[in-house]
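The values are calculated or read from the model by the stated rules, or taken from the named source; none is laboratory data. Here the structure is a predicted model, which means the values were calculated and not measured. Here the Cβ positions follow ideal geometry from the backbone for every residue, glycine too, while neighbour counts run over all protein chains shown. Accessible surface is based on the protein model in full, side chains and every heavy atom, while ligands, DNA and RNA are left aside. Shrake-Rupley method; radii C 1.70, N 1.55, O 1.52, S 1.80 Å.
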Amino acid sequence: LSKSDLAFKDEVQNFINKNHPEELGLKIGNGGKPTKEETINWQIALNDKGWLAPNWPIDYGGCNWSPIQRYIFDQETAFANTPQIIPFGVNMIGPVLINYGTEKQKSYFLPKILKSEHWWCQGYSEPGSGSDLASLKTKAERKGDFFLINGTKTWTTLAQYADWMFCLVRTNNTGKPQEGITFVMIDMKTQGVSVEPIITIDGSHEVNTVYLEDVKVPLENIIFEENKGWTVAKYLLSHERT
């Protein structure tokens, strides 16, 4: 490591010592899970420092780290057992909005992601689909200026906390399955959205089934274009998996 890298390492360690309670680190280190409040408090501290979204462009709140700085940050936070940054906002929908969102969408959603005012979840998987994402059956019918959405999403991580869900829906049944998918954002408080917990073998509640029954979603909540959601989903995966 260079002198500047070592100085950055010291800065990260000092930040952790100041903002991460020792008892929380012990809890996480012993297999416990941070609460929603503990996670949000950590994210707020990171955002106040300008460190919450290192993969975003500077103009949108990123921090222009080098790969080695990112490595140092990830290593030091892992050593300290800090809460993990919830990836659905910062690492997934954030970059999608920056690349494909309208100016109105970006100006509204991006600041709320950085301030942890919106907790996001991912509506991809469906019962019976396995890993074949293109086989999704959640249907969105266009009704004037909104979609009427019906279907089921499952294994939805932390949906019990979510304010918004980014979701893939079926808008066309002709042609290749990938060509009839649209990427939409759904307010979890919308009438017809319900969340049912899935308790995993360790007794924890992390994943859920989300039911969508006649859910009205404004067309302005489409990201990119109708029937072009597969393009957006592939772009999102390039951030989710790296």
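Would you check if I72 is part of a helix (DSSP H, G or I), in contact with a Phe, Trp or Tyr (Cβ under 7 Å, 6 or more places away or on another chain), aliphatic (A, V, I, L, M) and more than 25 Å from K228 (Cα to Cα)?
Yes: the conditions hold for I72.
Quick one: T231 ticks every box in (1) closer than 23 Å to I113 by Cα; (2) open to solvent by less than 50 Å² (accessible area, probe 1.4 Å) except a single one, so which number is it?
All conditions pass for T231, except number (2).
Within the stretch 100-117, count every residue that is open to solvent by 30 Å² or more (accessible area, probe 1.4 Å) and either in contact with a helix residue (DSSP H, G or I) (Cβ under 6 Å, 6 or more places away or on another chain) or among the β-branched types (V, I, T) (or both).
First, pick out the residues of the stretch 100-117 that are open to solvent by 30 Å² or more (accessible area, probe 1.4 Å): 100, 102-104, 107-108, 111-112, 115, 117.
So of that shortlist, the ones also either in contact with a helix residue (DSSP H, G or I) (Cβ under 6 Å, 6 or more places away or on another chain) or among the β-branched types (V, I, T) (or both) come out as 100, 102.
The total comes to 2.
Each row is one residue, and each column tells you yes or no for (1) within 18 Å of the chain's Cα centre (by Cα); (2) open to solvent by less than 20 Å² (accessible area, probe 1.4 Å); (3) of a type in the set (A, V, I, L, M).
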position: P177; (1), (2), (3): no, no, no
position: M185; (1), (2), (3): yes, yes, yes
position: Q191; (1), (2), (3): no, no, no
position: I199; (1), (2), (3): no, no, yes
position: S204; (1), (2), (3): no, no, no
position: Y211; (1), (2), (3): no, no, no
position: N227; (1), (2), (3): no, no, no
position: L237; (1), (2), (3): yes, no, yes
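Which of the residues that make up the stretch 156-209 are touching a residue at least 24 places away in the same chain (Cβ under 8 Å) and more than 21 Å from A140 (Cβ to Cβ)?
Of everything in the stretch 156-209, those that are touching a residue at least 24 places away in the same chain (Cβ under 8 Å) and more than 21 Å from A140 (Cβ to Cβ) turn out to be T157, L158, Q160, Y161, P197, I198, S204, H205, E206, V207.
Going residue by residue through the stretch 136-150, is there one that turns out to be under 14 Å from the mean Cα position of the chain (by Cα) and open to solvent by less than 20 Å² (accessible area, probe 1.4 Å)?
Taking the stretch 136-150 first, the residues under 14 Å from the mean Cα position of the chain (by Cα) are none.
So far as the stretch 136-150 goes, no, none of its residues is under 14 Å from the mean Cα position of the chain (by Cα) and open to solvent by less than 20 Å² (accessible area, probe 1.4 Å).
Pick from the stretch 84-99 the residues that are part of a helix (DSSP H, G or I) and of a type in the set (A, V, I, L, M): which of them is surrounded by the most Cβ atoms within 10 Å (Cβ to Cβ)?
Within the stretch 84-99, the first condition is being part of a helix (DSSP H, G or I), and the residues that meet it are 87-99.
Filter again for of a type in the set (A, V, I, L, M), leaving 90, 92-93, 96-98.
On the way: V90: 24, M92: 20, I93: 28, V96: 20, L97: 23, I98: 19.
Going through the qualifying residues, I end up with I93.
Test N81 against the stated conditions and say whether it is surrounded by 15 or more Cβ atoms within 10 Å (Cβ to Cβ) and not in a helix (DSSP H, G or I).
Numbers: surrounded by 15 or more Cβ atoms within 10 Å (Cβ to Cβ): yes; not in a helix (DSSP H, G or I): yes.
The answer is yes for N81.
List pairs: first residue in the stretch 136-148 and closer than 16 Å to G123 by Cβ and charged (D, E, K, R), second residue outside any loop (DSSP other than H, G, I, E, B) and open to solvent by less than 10 Å² (accessible area, probe 1.4 Å) anywhere in the structure, Cβ distance under 9 angstrom, at least six positions apart or on different chains.
Once the first residue is closer than 16 Å to G123 by Cβ and charged (D, E, K, R) and sits in the stretch 136-148, its partners that are outside any loop (DSSP other than H, G, I, E, B) and open to solvent by less than 10 Å² (accessible area, probe 1.4 Å) give K139/I149; K139/V169.
Report yes if P95 is within 26 Å of K228 (Cα to Cα) and not basic (K, R), otherwise no.
The answer is yes for P95.
Hey, can you tell me all the residues within the stretch 194-235 that are at pLDDT 95 or above, charged (D, E, K, R) and farther than 28 Å from I98 by Cβ?
Within the stretch 194-235, E196, E213, D214 qualify.
Among the residues of the stretch 142-188, how many are touching a Cys at 6+ places or on another chain (Cβ under 7 Å) and of a type in the set (A, V, I, L, M)?
Of the residues in the stretch 142-188, 6 are touching a Cys at 6+ places or on another chain (Cβ under 7 Å) and of a type in the set (A, V, I, L, M).
Anything in the stretch 213-225 that is surrounded by 15 or more Cβ atoms within 10 Å (Cβ to Cβ) and more than 16 Å from M185 (Cβ to Cβ)? List them, or say none.
none
If you scan the stretch 34-55, which residues turn out to be under 25 Å from L236 (Cβ atoms) and out of contact with any Gly (no Cβ under 7 Å at 6 or more places or on another chain)? So that I can check it myself, show each step before the final result.
In the first step, residues of the stretch 34-55 are kept if they are under 25 Å from L236 (Cβ atoms); the result is 34, 36, 39-40, 42-44, 46-47, 50-55.
If the condition is that a residue be under 25 Å from L236 (Cβ atoms) and out of contact with any Gly (no Cβ under 7 Å at 6 or more places or on another chain), then P34, K36, T39, I40, W42, Q43, I44, L46, N47, G50, W51, L52 are the ones that fit.
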